[in-house]
Amino acid sequence: MEQQHEPDVSRSRPLADHVHATKADIAARLRHIRRSHPEGPFSLAGLAERAGVSKRTLASVESADGANLTIETLVKVAHSLGIQRCAYFLDDEVFQQVNKELALLKELRESKAAGLALRTSHAQPVATTTDQVSRLLTGIIDAAAQARDSLHGVLPAGDEGRHTSGRQPPATM
């Protein structure tokens, strides 16, 4: 006599809960980056056009209950926003790290724009607090350390300080 196998509900329920929680995380992270990206905020339509995906797909992803997100869509959205680490949408540590990098980029862009405006208008320089300068320098030093650490092991021994083009490699997020 054949033995019938019942689906193991105790295993599938935690998996379904994990899938739902992951979709909710992706939805929240997509909404966050759309609203707080240094070049944003982006509407769903604007981001969809920029990423080359449909607005309906992005709306479905943001609902957290919608259709499954393909890896292709995830990669397109991330890259359209200048985010090279697609784990941004899946890993909390990467999410936090990239957001710090984007905040620093936004701060640098804003301070550069303010500096350019001052130079062109011949206005008196605005006093910058020591704390502001310290935060900017700390961010730059941290970004340089991360870049160095990410290159460690990539370049052959003794080549860390040399670049054949004489230019520094581009930073990635």
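Derivation of every value follows stated rules applied to the coordinates shown; laboratory data play no part. The model shown is predicted, which means the values in this text are computed figures rather than measured ones.
Can you tell me the length gained on complete extension of the stretch Leu108 to Ile140, counting 0.36 nm per residue apart and subtracting the Cα distance? Mind showing how you got there, number by number?
Numbers: separation 32, 0.36 × 32 = 11.52 nm, distance 0.98 nm.
Fully extending the segment from Leu108 to Ile140 adds 10.5 nm.
Need the full-extension length gain, Ser43 to Ala28, defined as separation in residues times 0.36 nm minus the C-alpha distance. One decimal, nm.
Additional length available on full extension: 3.9 nm.
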